[in-house]
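Following: one structure in structure tokens, then a few remarks.
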Amino acid sequence: MPSLLHPGVYIEEFTPASPIEGVSTSVAAFVGVARMGPILTPTEVTNWEGFVAEFGDYVDETFPTGDKPYLAAAVKGFFLNGGTTCYIVRASTAQNAWVALKTRNAPKDPLLIARARRQGAGANGISVTVSDRSVVVDELAGSLQVARPEGDIDAMVDRRRLTFVAAPGFAVGDAVIVSKTGLANRPAVVDGTPDAKTITLQQPLGAPGDYSGGKVRLADPDVGTRSIRVALPAKPLRQVLPAGSIVEIDVGAANAEFGVVAAVGNDSFTLRDPLTKKHPVANPIRVESREFDLHIVDASGPAPVTEDLLGLSTGAGHPRWWGRIESAVVTLEPPALPPGGTITDPRPEAAASVLANGADDKRADSWAGLLADPTDVLATLAPIDRVSIVAIPGATTTAAHAALVTHCELAGDRVAILDSTKGANSAAVVAEAAAATGGDRGFAALYYPWIQIVNPDTKLLEAWPPSAHLAGVYARSDAEDGVHKAPANISIRGALGLTRRLTDADQDGLNQFGVSALRIPPNGGAPVVWGARTTTTKDRNWQYVNIRRLFNYLEESISDGIRWAVFEPNDRGLWKKLDRSISAFLRQEWRNGALFGDKPEEAFYVRIDDALNPASTRALGRLYIEIGVQPTYPAEFIVVRIGIWDGGAEASES
């Protein structure tokens, strides 16, 4: 706020509450088995070609359950029907071959894990050989040498200023020892170098005696030292010893030790941690960097591959830290637990290793695991906030349905599209819907019957689960009309027929029990979605798919849109900002047709007041907001009354 010291106009800017932006409602996630690809890792795919590149195309295989690897054709149906973005989670029994690169010190625990990029037993036998390297030695054809400047004192001008017979080469900050025969050795620190033959000390020498004719030498690197000067190398020091390098100090000496370079100057480097040993400069002190090479040979693939990854470092700040290096054959990763014991040399042991334990995918077993309990696989989707639709195409077991519904209820921001059992009759499908209600809050929709598509491999007409195609229909409906519109009375692209042609009488026994029907229009043509029910039958508030999805959309949009208010002062100013933001968002949804009412006041209300937030509630750091909305329900049953009118009397029927 400006100081109001003289009359005039003062401008103050203020920032209004951020507008609430609607979240995406049509990002799907599909779980299944595939030809290849990442395992149990949600992978974003935005088109069919991207799916094929990551997971391969169709797999013509029939499992003992009678099912097929439905995922590929299902994903293609999603994109064909209007889907734009989905996440794929591949379940697989495949194992990547791996080997542990161990430490050099007992107990030789794993230091790095080299894991084959190529899945399956075919990657067993890939060899990884570790060999030692020192970039410093390579670049300089020898070691760095710790600087040993010393000078003969010509005169001690005062107890802080010393002149020399010849330029000694000291620098500001150097720790030095001042000595003379018959006098005590005195430690000092160089404070300045007025000229090449003169130094000044930070403090006067502490004892009587004239040190003229004595010597000054660089102090020994001692316990606690972090900055080390070196003899100026032939190449720039930063080029041969970048920050993050692992160095061995006093190479060849009994008291050699390792350190990590934190910073590099023109002729010195600073260690991340101080020295733990003393290193007398009476003998030359050699310094070398410690890197390693990886020689990788994959002779088991379609074509032999050889890779050499040179000059790798275990220092995370190094330009060639192993975690930054990409290999076409293996990935490098840390072990689950850090290695034990005392580690001196931080490089992996120089040895040859062979990858093992790779196993091929048994897709039938992978699929059986999903049918039995996909809970852990679905859990990988929990952190992906964008997902709003989830399906396991073709998984029709009670356990799979229950896991899908539970996952969506726990997430609170997504719905499950369930497939009915292939070839089931109406009574069986009604029982499936009744078993998949979860908490009766409308988080799942069950569609019946299966669609018919042409198998791309056999060119035969086959039954296929409709869930992924329906996810595409949801996305298309959202894009064209909005999430508030029921995704029904829409054709299913790519479907040439249905496994059962339902009649009105058939649907009479399905609709009211939470089964959404797929029908062939009376005049023929592509199947259409002719139901918009969730599996819920007890709580009629959540019986429509679009109502459940609308509330998911509203809740998440508002939650994300008012996150800025967390930790703001809980006063009426904040209440008004939140009221304005939420009301503006709901008013726009009303204009879009998502909420019912002639006026905004009839469509929604936002309440933030003292009754909801008394002092006792505010003292707990809580703010309660009450929002009521009147959604637009689908016109599922249209009743037309037609009468005979002759201008006077009227006869009617309905």
**Item:** Computed lengthening from residue 254 to residue 328, 0.36 nm per intervening residue step minus Cα-Cα distance
**Value:** 22.6 nm
**Linear extension gain, residue 299 paired with residue 196, 0.36 nm per residue minus alpha-carbon span** = 30.8 nm
**Message:** I'd like the FRET efficiency for residue 385 and residue 152, computed as 1/(1 + (r/R0)^6) with the beta carbon distance as r and R0 of 56 Å, rounded to 0.05.
**Reply:** 0.20
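Using mean Cβ contacts within 10 Å as the protection proxy, how do 22-32, 429-439, 591-601, 293-303 order, highest first?
Highest-to-lowest ranking by the protection proxy: 22-32, 429-439, 293-303, 591-601.
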**Prompt:** For the pair residue 462 and residue 160, how long in nm is the line joining their label points, each one 7 Å along Cα→Cβ?
**Reply:** 9.0
**Request:** Just grab the label-to-label distance for residue 343 and residue 479, each label 7 Å out from Cα along the Cβ direction, in nm (one decimal).
**Result:** 5.0
**Request:** Hey, for a label at residue 138 modelled as a point 7 Å past Cα toward Cβ, could you say which residues of the range 254-276 have their backbone N under 19 Å away?
**Result:** 261
**Asked** Which angle from 0 to 90°, rounded to the nearest 10, does the C-alpha axis of helix 363-372 make with the longest principal axis of the chain?
**Response** 70
**Residues residue 350 and residue 500, FRET efficiency given R0 of 60 Å [Cβ-Cβ distance, rounded to 0.05]** = 0.35
**Request:** In whole angstrom, note down how far apart the Cα centers of the range 211-271 and the range 346-381 are.
**Result:** 46
**Request:** May I ask for the angle, rounded to the nearest 10°, between helix 572-591 and the longest principal axis of the chain, with both axes built from Cα atoms and the value confined to 0 to 90°?
**Result:** 50
**Complete:** By the mean-Cβ-within-10 Å protection proxy, highest first, 266-273, 365-372, 463-470, 233-240 rank as 463-470, 365-372, 266-273, 233-240
**Prompt:** How high is the FRET efficiency between residue 282 and residue 106 when r is their beta carbon distance and R₀ equals 35 Å, given to the nearest 0.05?
**Reply:** 0.60
**Estimated distance in nm for a label pair at residue 3 and residue 207, the labels positioned 7 Å out from Cα along Cα-to-Cβ** = 5.9
**Request:** Rounded to the nearest 10 degrees, what's the angle between the helix 426-435 long axis and the longest principal axis of the chain, both from Cα atoms, 0 to 90?
**Result:** 40
**Fill in**
Net charge (Lys, Arg +1; Asp, Glu -1) of residues whose beta-carbon lies under 15 Å from that of residue 58, residue 58 excluded, is -2
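If packing is taken as the average number of other Cβ atoms within 10 Å across a peptide's residues, how do 170-176, 86-92 rank, most packed first? Before the final figure, lay out the partial values.
On the way: 170-176: 17.7, 86-92: 24.4.
With the highest mean Cβ count within 10 Å placed first, the list reads 86-92, 170-176.
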**Prompt:** Among 645, 575, 450, 321, which comes first, then next, by fewest other beta-carbon atoms within 10 Å?
**Reply:** 645, 321, 575, 450
**Convex hull (Cα only) mean projected area of the range 48-134, reported in nm² to one decimal** = 10.1
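How do 197, 538 rank when sorted from fewest to most other Cβ atoms within 10 Å of their own Cβ? Don't jump to the answer; show the numbers that get you there.
On the way: 197 15, 538 11.
Exposure proxy ranking, most exposed first: 538, 197.
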**Asked** Taking 0.36 nm per residue of separation and subtracting the Cα-Cα distance, what length does fully extending residue 222 through residue 48 add?
**Response** 56.2 nm
**Request:** Report, in whole Å, the centroid distance computed from the Cα atoms of the range 583-598 and the range 382-424.
**Result:** 30
**Message:** Given the range 147-220, report the % of alpha carbon pairs whose separation exceeds 22 Å.
**Reply:** 7
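Taken together, the values in this text are just the output of simple stated rules run on the coordinates, not laboratory data. Just so it is clear, the structure is predicted and the values come from calculations on it, not from any experiment. Here the Cβ is made from the backbone with ideal geometry for all residues, glycine too, and neighbour counts use every protein chain on show.
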